Ligand code: NDP
């Protein structure tokens, strides 16, 4: 039975109720976690609030050192944590290890930045007497970090890293279906020397626990990653108190493959971009627009690549040259993806590869990796976020058509283009409505670069030095009396 971490103590919820965490590949219970109540949230926020004054005054080097010691502990337990992640989330072991490494890299990045944060000195006009200005950065207070199930570790790290380093204290709310690895990581960070209450974790349903956390008067900052509909609700709840909110929401990233693209590289990028994490990534490559003169060879190479994926348990290594693809995270998730695919098929789309639920694996939420062609652009697989391994591929005449179709989406998270033509690259960077454009690269959230969407993909940035700006307030100071 897992527990929650509140004020440095492992605790059960006030209700004493526990709920099971299920393995998406087998349906088996991995462990149970407390079903927190609003009372538990109050306790966690109170602990975070109590620890804020001292933590916010600590030397930044000290904060960085505490985090680094925690990272060493997490690294020492990486196989155990990755195994937990595979069993609660469904992803293959090599992907779980990659996620853990991304978490460690991201937290180390912020630990390294801790002592490098600066304010500014501003010369001022002298009509009121000689004075100068300073702009100083001050931590905010208690931060709520609300995390989805697709990347439970990295998406916790993108919030906890900058929040702690800037001097804030944190209450983490992991997704109900993936609380185990995240809670284990929080525990290791705590054991390595964070003062009690600086980092807390509460488990329980988002609509109760998450919403109470967002609404709590002592929570001043909400860092949320999840679905667009939930993000809208978070805004409604946080809005009346003018809380600082960042929303990292859904995406439907387009990929443009031009006539001059290195097709092997482009196919590799699309395969990783679409089928990593069984297609359950916000920044997944979700629609591909291929110039008509390279459409056929691209499709042929793509289908050859897709045929290498073998659905199966994440902890079982497939025989080469097969590549493991895990199950979808929940039965509901798979049903939704199948319904989106069905809608496209009813409107005239064709399955070029996959499309079926594999036989003999009824306990898990498996789905064959799928490629669709001849898909109408107003169908659900294009206009909605498809959170699963289904990829529509389109033939386009030229760059204008590619960009027009790429932008025909309510989302604006990422986008990519495969070409060496500098004019096309420039056009894509200028005209694609997205928070990020990768050029000849796989969709990936680099720790060093700000990441976040436009349109219905939300607002605010995670990653990079820029993310720290969302965890501090700027205070202007005017210093006079200089004689
Ligand atoms: P959800 O929005 O369902 O849940 C996200 C988190 O919010 C969970 O911890 C959930 O808890 C909690 N939550 C649910 N309802 C509320 C509420 N009313 N108030 C506060 N918190 C609440 O998202 P998913 O977990 O399904 O995650 C997948 C989504 O996340 C996809 O749309 C994906 O694109 C997006 N995402 C965006 C990224 C980005 O950077 N833009 C990155 C990765 C994913 P519980 O689990 O208990 O319901």
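A few notes on this one:
- Crossing angle, helix 38-57 versus the chain [Cα axis fit, 0-90 degrees, rounded to tens]: 60 degrees
- Each peptide in 274-280, 37-43 receives the mean, over its residues, of other Cβ atoms within 10 Å, and ordering these scores from highest gives 274-280, 37-43.
- Using the Cβ-Cβ distance between residue 242 and residue 401 with R0 set to 30 Å, the FRET efficiency works out to roughly 0.10.
- Mean separation of Cα contacts under 8 Å (6+ apart) over length of region 293-398, as relative contact order %: 25 percent
- Ranked by how many other beta carbons lie within 10 Å on average, peptides 202-215, 162-175 from highest: 162-175, 202-215
- At R0 = 45 Å, FRET efficiency that the Cβ-Cβ distance of residue 478 and residue 446 yields, to 0.05: 0.70
- Region 253-328 and region 28-88 have their alpha-carbon centroids 35 Å apart.
- Between residue 75 and residue 126, the modelled label-to-label distance comes to 5.4 nm, taking each label 7 Å out from Cα in the direction of the beta carbon.
- Spatial separation of Cα centroids for region 438-452 and region 151-188, in angstrom: 21 Å
- Mean separation of Cα contacts under 8 Å (6+ apart) over length of region 2-66, as relative contact order %: 29 percent
- For region 253-446, dividing the convex hull volume of the Cα atoms by the residue count gives 114 Å³ per residue.
- Spin-label model, residue 115/residue 429: points 7 Å from Cα along the beta carbon direction are separated by 3.5 nm.
- Helix 292-306 and the longest principal axis of the Cα set of the chain meet at an angle near 80°.
- Per-residue [θ]222 nm for the chain (sum of -39500 (n - 2.57) over DSSP H runs n ≥ 4, rounded to 500): -11500 deg cm²/dmol
- The chain - percent relative contact order, Cα under 8 Å, separation 6 or more: 18 percent
- Between the Cα long axis of helix 228-238 and the first principal axis of the chain there is an angle of about 20°, rounded to the nearest 10.
- Peptides ranked, highest mean first, by Cβ atoms within 10 Å: ranges 251-260, 330-339, 18-27, 113-122: 251-260, 18-27, 330-339, 113-122
- Spin-label pair residue 439/residue 229, simplified geometry with 7 Å Cα→Cβ offset, distance in nm: 3.9 nm
- The chain - convex hull of the alpha-carbon atoms, volume per residue in Å³: 156 Å³
- Between residue 29 and residue 466, the FRET efficiency estimated from the beta carbon spacing at R0 = 56 angstrom works out to 0.85.
Every number in this text was worked out from the coordinates using simple rules, so none of it is lab data. All of these numbers come straight from a predicted model, not from anything done at the bench. In this analysis, Cβ positions are derived from the backbone assuming ideal geometry, glycine residues included, and neighbour counts consider all displayed protein chains.
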